[in-house]
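J.: The structure's right below; bear with me while I get my questions together.
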Amino acid sequence: MELGSFKISGHSTKREWSVYLFVAKPKKEKDKIKLYVGKVGDNRAGCNPVISRVGNHFSHNKVHSQIRNAIKETVEYDYEYFYCHCGEYKKEDKRRSENCSRINELERELNRVVQNQIENKQNFELLNPYKGNHISKLRNKKRSQLINDEEREVLSKLVETALTTTTVNRQ
């Protein structure tokens, strides 16, 4: 038998629109740190807390378990989850609401920030890079207007914190 424990912040149980950066740190120094960008609040059933999404990443249901799908030996990694809440979720919000479009753009922006910050770092791998292929300039412009500079700054800080924490803790 093995004993284990982990802490769960009460903050992570809020039912709010959120984006996150999942960091998988390998136990072997030679392996790359794997990153995954995601969001909560875009499913048909509504918005689950970020802590619920964490658990789903390790589910044996392939639809929900993006981390387990990408990392077969999940026990060979330790994980850290960095997130930010992006606004209150209301039950009356519909799947194609303005908030859903906004959270989708926040996720895309977070993905772009991660890509920019790890571009020349060989020890990181983004598991789900956003490519943005086949999107018109007009559509990109409309999407970019869904979020503001302050939100972009928060996303940059989230990534900077995650990468700094990960690098410091790895040494």
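The values are calculated or read from the model by the stated rules, or taken from the named source; none is laboratory data. These numbers were taken from a predicted model, which means no experiment stands behind them. Note that each Cβ is placed from the backbone with ideal geometry, even for glycine, and that neighbours are counted across all protein chains shown. All accessible areas refer to the heavy atoms of the entire protein, side chains included, with ligands and DNA or RNA removed. Shrake-Rupley method; radii C 1.70, N 1.55, O 1.52, S 1.80 Å.
Every residue, every condition in (1) in contact with a Cys (Cβ under 6 Å, 6 or more places away or on another chain); (2) of a type in the set (D, E, K, R), yes or no:
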{"position": "17", "(1), (2)": "yes, no"}
{"position": "28", "(1), (2)": "no, yes"}
{"position": "34", "(1), (2)": "no, yes"}
{"position": "38", "(1), (2)": "no, no"}
{"position": "49", "(1), (2)": "no, no"}
{"position": "54", "(1), (2)": "no, no"}
{"position": "73", "(1), (2)": "no, yes"}
{"position": "76", "(1), (2)": "no, yes"}
{"position": "79", "(1), (2)": "no, no"}
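J.: Under the condition of being of a type outside the set (S, T, N, Q) and touching a strand residue (DSSP E or B) at 6+ places or on another chain (Cβ under 9 Å), which residue from the stretch 122-146 is farthest from residue 77 (Cα to Cα)? Before you say what the answer is, go through the steps one by one.
T.: Going through the stretch 122-146, the residues of a type outside the set (S, T, N, Q) turn out to be 124-127, 129-132, 134-135, 137-139, 141-143, 146.
With touching a strand residue (DSSP E or B) at 6+ places or on another chain (Cβ under 9 Å) added as a condition, the list becomes 124-127, 129-130.
Numbers: 124: 14, 125: 14, 126: 15, 127: 14, 129: 20, 130: 24 Å.
Per the stated criteria, the residue is 130.
J.: Hey, another quick one. Give me a count of the residues in the stretch 68-123 that are among the β-branched types (Val, Ile, Thr) and under 21 Å from residue 158 (Cβ atoms). Write out each step before concluding.
T.: From the stretch 68-123, those among the β-branched types (Val, Ile, Thr) are 71, 74-75, 103, 113-114, 118; that's our starting set.
Cutting the leftovers down to under 21 Å from residue 158 (Cβ atoms) gives us 103, 113-114, 118.
Of the residues in the stretch 68-123, 4 are among the β-branched types (Val, Ile, Thr) and under 21 Å from residue 158 (Cβ atoms).
J.: With respect to residue 56, determine if the residue is within 15 Å of residue 39 (Cβ to Cβ), open to solvent by 30 Å² or more (accessible area, probe 1.4 Å) and out of contact with any Lys or Arg (no Cβ under 9 Å at 6 or more places or on another chain). Break it down stepwise before answering.
T.: Working: within 15 Å of residue 39 (Cβ to Cβ): yes; open to solvent by 30 Å² or more (accessible area, probe 1.4 Å): yes; out of contact with any Lys or Arg (no Cβ under 9 Å at 6 or more places or on another chain): yes.
It is true that residue 56 is within 15 Å of residue 39 (Cβ to Cβ), open to solvent by 30 Å² or more (accessible area, probe 1.4 Å) and out of contact with any Lys or Arg (no Cβ under 9 Å at 6 or more places or on another chain).
J.: State which residue is modelled with the highest pLDDT when the search covers only the stretch 145-171 and only residues that are outside any helix (DSSP H, G or I) and open to solvent by 40 Å² or more (accessible area, probe 1.4 Å). Let's see the steps before the verdict.
T.: In the first step, residues of the stretch 145-171 are kept if they are outside any helix (DSSP H, G or I); the result is 145-148, 171.
Next, from what is left, pick out any that are open to solvent by 40 Å² or more (accessible area, probe 1.4 Å): 145-146, 148, 171.
Details: 145: 93, 146: 93, 148: 96, 171: 50.
Taking the candidates together, the pick is 148.
J.: Could you please tell me which pairs satisfy a Cβ distance under 6 Å, a separation of 6+ or placement on different chains, a first residue in the stretch 1-30 that is assigned to a loop (DSSP other than H, G, I, E, B), and a second residue that is among the small types (Gly, Ala, Ser) and modelled with pLDDT under 95?
T.: none
J.: Could you grab the pairs with beta carbons closer than 6 Å, sequence gap of 6+ or different chains, first residue in the stretch 125-149 and closer than 29 Å to residue 57 by Cα, second one aromatic (Phe, Trp, Tyr) and modelled with pLDDT of 90 or more?
T.: 127/36; 128/36
Rundown of residues vs (1) surrounded by fewer than 20 Cβ atoms within 10 Å (Cβ to Cβ); (2) touching a Phe, Trp or Tyr at 6+ places or on another chain (Cβ under 8 Å); (3) over 29 Å from residue 146 (Cα atoms); (4) at pLDDT 95 or above, yes/no style:
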| position | (1), (2), (3), (4) |
| --- | --- |
| 5 | yes, no, yes, no |
| 17 | no, yes, no, no |
| 36 | no, yes, no, yes |
| 42 | yes, no, no, no |
| 65 | yes, yes, no, no |
| 77 | yes, no, yes, yes |
| 91 | yes, no, no, no |
| 96 | yes, no, no, no |
| 102 | yes, yes, no, no |
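J.: Next up: All but one of (1) at pLDDT below 95; (2) assigned to a helix (DSSP H, G or I); (3) surrounded by fewer than 16 Cβ atoms within 10 Å (Cβ to Cβ) hold for residue 122; which doesn't?
T.: The one condition residue 122 does not meet is (2).
J.: Quick check on the stretch 64-79. Is at least one of its residues closer than 29 Å to residue 89 by Cα, in contact (Cβ under 8 Å) with a residue 40 or more places away in the chain, of a type outside the set (A, V, I, L, M, F, W, C) and not in a helix (DSSP H, G or I)?
T.: Scanning the stretch 64-79, I find at least one residue that is closer than 29 Å to residue 89 by Cα, in contact (Cβ under 8 Å) with a residue 40 or more places away in the chain, of a type outside the set (A, V, I, L, M, F, W, C) and not in a helix (DSSP H, G or I), so the answer is yes.
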